[in-house]
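Below is one structure, written out as structure tokens, with a few remarks after it.
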Amino acid sequence: MITLGIVLAAAVAAFIDWWAVATDRRPIELVAKPLTMGLLVVVAATLGDAAGDVRLWLVVGAACGLIGDIALLGDGESAFMAGLAAFAVGHLAYVIAAVTSDFDLRWAVPGIVFSIALLGVRFLTRILPGAVEHGGPVLGAAVLFYALVISAMVVSAWATTIWIAALGAMLFAVSDWVLGHRRFVGPLPGGRLAIMVPYHLGQALLIIGIAMA
């Protein structure tokens, strides 16, 4: 019951953050955004009966999301790179959590197809060239590495055979794609709300799916 209450609290915090983003209430966003991921860290630490090593990596993944959120609340290239690094580590932690749970590579095919479609065709043709133009080959290499890590997370989530986790991983990837497009290519419909809604839903479903398996 306590963990369910925390899940509901995280949902309320996420809705408040979405409202703050949609209505440009920055002071509220500065509180609601990290609060949402902070509550999801607690969910990762307490929900379900996940094995100790799986739970550890879920907590690391969620905690890196919190660190990345805090970093991206800042402005400038250094804040973006700090957030990118934190999220990359978080994605890798989720990969390890998936691999150390029940894992069947035969189920990875939909994740591979999704990654090729979203992070392959769209990423290579638009976001990567934009990143190179924006910050040179170093930034381009960092963004490329990040895209590969995202793809690994999606594929490994599908391989768990846990459809909730797979859906969460795909939503998380969509959020990252929208963020990259907005930063290096141009605006998309929905503004920053198109980043935050799939991001929070993706993180929550990924954590809940693996923790409850």
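With respect to the conditions (1) assigned to a helix (DSSP H, G or I); (2) out of contact with any Pro (no Cβ under 8 Å at 6 or more places or on another chain); (3) under 25 Å from residue 49 (Cβ atoms), residue 182 falls short on a single one, namely (3). Quick one: is residue 25 of a type in the set (Lys, Arg), more than 29 Å from residue 192 (Cα to Cα) and surrounded by fewer than 21 Cβ atoms within 10 Å (Cβ to Cβ)? The answer is no for residue 25. Would you say residue 5 is within 17 Å of residue 175 (Cβ to Cβ) and either in a helix (DSSP H, G or I) or within 15 Å of the chain's Cα centre (by Cα) (or both)? Criteria not met by residue 5. The set of residues in region 190-207 that are touching a Gly at 6+ places or on another chain (Cβ under 9 Å), touching a residue at least 60 places away in the same chain (Cβ under 8 Å) and crowded, with 22+ Cβ neighbours inside 10 Å comprises 203, 204, 206, 207. Among the residues of region 46-60, the ones that are modelled with pLDDT of 95 or more and either touching a strand residue (DSSP E or B) at 6+ places or on another chain (Cβ under 6 Å) or within 21 Å of residue 12 (Cα to Cα) (or both) come to 1 in all. State whether one or more residues within region 117-135 are among the hydroxyl-bearing types (Ser, Thr, Tyr) and either over 26 Å from residue 38 (Cα atoms) or over 14 Å from the mean Cα position of the chain (by Cα) (or both). So far as region 117-135 goes, yes, one or more of its residues are among the hydroxyl-bearing types (Ser, Thr, Tyr) and either over 26 Å from residue 38 (Cα atoms) or over 14 Å from the mean Cα position of the chain (by Cα) (or both).
For residue 132, only one of the following conditions fails: (1) of a type in the set (Val, Ile, Thr); (2) in contact (Cβ under 8 Å) with a residue 24 or more places away in the chain; (3) farther than 22 Å from residue 198 by Cβ. What is its number? (2) is the only condition that residue 132 fails. Residue count for region 30-41, restricted to those that are crowded, with 21+ Cβ neighbours inside 10 Å and either within 19 Å of residue 5 (Cβ to Cβ) or without any contact (Cβ under 8 Å) to a residue 24 or more places away in the chain (or both): 6. For the residues 63, 44, the requirement of being in a helix (DSSP H, G or I), touching a helix residue (DSSP H, G or I) at 6+ places or on another chain (Cβ under 6 Å), of a type outside the set (Val, Ile, Thr) and free of Cβ contacts under 8 Å to residues at least 60 places away in the same chain singles out 63.
The values are calculated or read from the model by the stated rules, or taken from the named source; none is laboratory data. Bear in mind the structure is a predicted one, so any value in this text is a computation, not a measurement. All Cβ positions, even for glycine, are placed from backbone atoms using ideal geometry, and neighbour counts span all protein chains on display.
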